[in-house]
Structure formats: structure tokens, C-alpha cells
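**Q** Here it is: the structure, laid out below.
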Amino acid sequence: MNDKIKKQTMRILKTIIGVIIVSISIKFFLAPNKIAAGGISGIAIILNNFFSNIPVGAFMLVMDMGLFLIAFIILGKNFGGISLFASISLAGFTWVLDYIFPYNVALTNDLLLATIFGTIISGIGMGIVFNQNASTGGTDIIAKIINKYLHIDMGKSLLMVDLIVTIVAGITLGFDQGLVAVLGVILNGSIIDKTIEGLNISKQIIIVSKEKIKIKEFILKDLDRGCTIISAKGGYTGKETELIYTVLGRKELIKLKEYVREIDRYAFINVSDSHEVLGEGFKNLLEE
């Protein structure tokens, strides 16, 4: 299996994991408590309140397919194949759960707890999906159409659509449901951002050491990572020196610290978080 096929396979698997997590949140927390926290799932929950014999997943599937057809016509044929896969998968997995558990199965009937835990679980799943440069479709498509024709940026467009869904939820499902839906929308964005940040975080390292040649070779050969040598001057001694600059994953950082500790216990190591790294060995720049 070549690298391209392997990466695409991993991307699909991670997307599936993400949508399964989101579907669990919808089935066991949001839908049974009628928490319509934006998105196509929120619209489906509202519709299910009026047509309870039709599963939430079925509503999601029909709406997603309709919206992607509209996207194909309005936004062009290159509109997100992986997003189409993710949205259809989410609707499909939700429908499967509806079939396995035909009655509402709420893990908690407390509205606040259901909103908090449902949104956290959903946000983690959506963060995993978004990290694959995909989306769960639905209201993202509506937001893209608003962005194209009204020139309102994507973030505001998506927020507008989700807020409309929550307002409708408040009118049709009750004031309490409307309030927790707004809370869910607010929480969801934060959880998604934190999940993506956590999945992409790397460590930025600067090393000052008399054993810089050995450390450089260890980074290049043993860790199979790149590094940069930066000329510098000591502030106290005034002597010319060189810094080693590199970006590593968490596990690689542990190995590097152990190695440096063995060969130079007086070395200076500065470690900081790097929230996104694009380029060879990390996230493909062309995927952005």
C-alpha cells in the first residue's frame, strides 16, 4: 500500500470514528431530550417532534442528500467529496442507532447534563471530522451559499443558520429547549476548536548544548526529523554559539530529552506548544 492510499484510508477511518461519536451524542443525549443545538441534526430533532414515527437519522439523510444536490448545482462539482461521505455516514449511523434502539434512550433526562455531555461528545466527534478537512455537511452548505451570494464570512454565516435553528427550537419545542440549544451551539464551537488544537499540537524546541553535533545527528537519523541550526551569541558570556531548532511530536520529544540528558546534563532546552505545523513530516500544506 503506497503512502497516498494509506493516508486516504486513515483519513476515511478517522472520519468514520468522528461521525460515530457524533451519532452517539445525537441518539443518547440530544435527540431524546429534544435539544436542537443547530445543524441538520437540530432540524431533524425538531421535525421528529412532529413526525415521531420517522427516525431522526432518516430526516438527516434526506436533508443532507438534498443539500448536497443543491451544493453540486450552486457551488460546483468539486464541493467536498469527503464532506459528502461524512454527512451521509453521520445520517446513516444515526439511522442505524434508531433502528437498533427504536425508542428514545436517554442516558440522562436532566436537560443541562444532556446538553453539556451531549455537546462535549458531539464537539469531539466533529473536531475529529473537521481535522480531516471534512465537515458533516448540512448547515455548512447553507453557510457556504450565504457566503457566496451575500459575502458574509463563513463563521458568521454558520452562526446565523444555527441561531435560526435554535430560535425555531425554542418556539416549537419549548423555551427551556431553546435556551439549552443556544448553550449547545456556544459550547460546541469551543469544544471543536479545542479538539482540533489538541489533535494538531506539536512541540517547538530550542536547544543550547556543547554536544550540538550529536544532538543534531540524533534528530536527523534516530528521530527522522528535520532541524535548523541558528547562529547566536551568549548574553552573559558574549561567545558565539549555535542553537538547534526543531519541531517534534510528544513521543519524539520524550526520546530527545532522554538522549540530551545522557550526553549533556548542562544543556538548555526550551519547549513550547506549536498549535499547527504545516509541511513535510506534518500536515500536508496542499490540504489546507
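The values are calculated or read from the model by the stated rules, or taken from the named source; none is laboratory data. Small disclaimer: the values here were computed from a predicted structure and weren't measured. All Cβ positions, glycine included, derive from the backbone under ideal geometry; neighbour counts span all protein chains shown.
**Q** When you go through (1) modelled with pLDDT of 85 or more; (2) within 16 Å of Ser41 (Cβ to Cβ) one by one for Thr108, which number turns out not to apply?
**A** Unmet condition: (2).
**Q** Another question, then. Could you give me the residue pairs with C-beta distances under 7 Å whose first residue belongs to the stretch 131-158 and is at pLDDT below 75, whose second residue is of a type in the set (Gly, Ala, Ser) wherever it lies, and which are 6+ apart or on separate chains?
**A** Gly137/Ser83; Gly137/Ala86; Gly137/Ser87; Gly138/Gly39; Gly138/Ser87; Asn147/Ser157; Met154/Ala143
**Q** May I pose another question? Please identify the pairs in which a residue from the stretch 255-275 that is under 17 Å from Arg225 (Cα atoms) has its Cβ atom under 8 Å from the Cβ atom of a residue that is surrounded by fewer than 11 Cβ atoms within 10 Å (Cβ to Cβ), counting only partners at least 6 apart or on another chain.
**A** none
**Q** So Ile35 fits all but one of (1) closer than 28 Å to Leu111 by Cα; (2) without any contact (Cβ under 8 Å) to a residue 60 or more places away in the chain; what number is the exception?
**A** (2)
**Q** Do we find that Asn104 is more than 15 Å from Ile20 (Cβ to Cβ), touching a residue at least 40 places away in the same chain (Cβ under 8 Å), surrounded by fewer than 23 Cβ atoms within 10 Å (Cβ to Cβ) and in contact with an Asp or Glu (Cβ under 6 Å, 6 or more places away or on another chain) in this structure? Give the steps one after another, and end with the answer.
**A** Values: more than 15 Å from Ile20 (Cβ to Cβ): yes; touching a residue at least 40 places away in the same chain (Cβ under 8 Å): yes; surrounded by fewer than 23 Cβ atoms within 10 Å (Cβ to Cβ): yes; in contact with an Asp or Glu (Cβ under 6 Å, 6 or more places away or on another chain): no.
So Asn104 does not fit the description; no.
**Q** Also, quick follow-up: Taking the condition of being crowded, with 21+ Cβ neighbours inside 10 Å, among the aliphatic types (A, V, I, L, M) and under 13 Å from the mean Cα position of the chain (by Cα), how many residues in the stretch 122-149 meet it?
**A** Summing the residues that are crowded, with 21+ Cβ neighbours inside 10 Å, among the aliphatic types (A, V, I, L, M) and under 13 Å from the mean Cα position of the chain (by Cα) in the stretch 122-149 gives 4.
**Q** In the stretch 124-139, what residues are part of a helix (DSSP H, G or I) and under 18 Å from Lys14 (Cβ atoms)?
**A** First, the residues of the stretch 124-139 that are part of a helix (DSSP H, G or I): 124-130, 139.
The answer is Ile124, Gly125, Met126, Gly127, Ile128, Val129, Phe130.
**Q** When Ser231 is evaluated against the numbered criteria (1) in contact (Cβ under 8 Å) with a residue 24 or more places away in the chain; (2) more than 21 Å from the chain's Cα centre (by Cα), which criterion, by number, is the only one it fails?
**A** Going through the list (1) in contact (Cβ under 8 Å) with a residue 24 or more places away in the chain; (2) more than 21 Å from the chain's Cα centre (by Cα), Ser231 breaks only (1).
**Q** Yes or no: Leu97 assigned by TED's automatic domain parsing to the domain that holds Val180, surrounded by fewer than 19 Cβ atoms within 10 Å (Cβ to Cβ) and among the aliphatic types (A, V, I, L, M)?
**A** On the way: assigned by TED's automatic domain parsing to the domain that holds Val180: yes; surrounded by fewer than 19 Cβ atoms within 10 Å (Cβ to Cβ): no; among the aliphatic types (A, V, I, L, M): yes.
Against the criterion (assigned by TED's automatic domain parsing to the domain that holds Val180, surrounded by fewer than 19 Cβ atoms within 10 Å (Cβ to Cβ) and among the aliphatic types (A, V, I, L, M)), Leu97 does not qualify.
**Q** Still on this structure: Going by the conditions given, is Ser89 closer than 15 Å to Ile40 by Cβ, at pLDDT below 85 and not hydrophobic (A, V, I, L, M, F, W, C)?
**A** Numbers: closer than 15 Å to Ile40 by Cβ: yes; at pLDDT below 85: no; not hydrophobic (A, V, I, L, M, F, W, C): yes.
Spelling it out, it is not the case that Ser89 is closer than 15 Å to Ile40 by Cβ, at pLDDT below 85 and not hydrophobic (A, V, I, L, M, F, W, C).
**Q** How many residues are among the polar types (S, T, N, Q) and under 13 Å from Val208 (Cβ atoms) if we restrict to the stretch 251-281?
**A** Of the residues in the stretch 251-281, the ones among the polar types (S, T, N, Q) are 270, 272, 274.
After this cut, where a residue has to be under 13 Å from Val208 (Cβ atoms) as well, the list is 270.
Adding up the residues that qualify gives 1.
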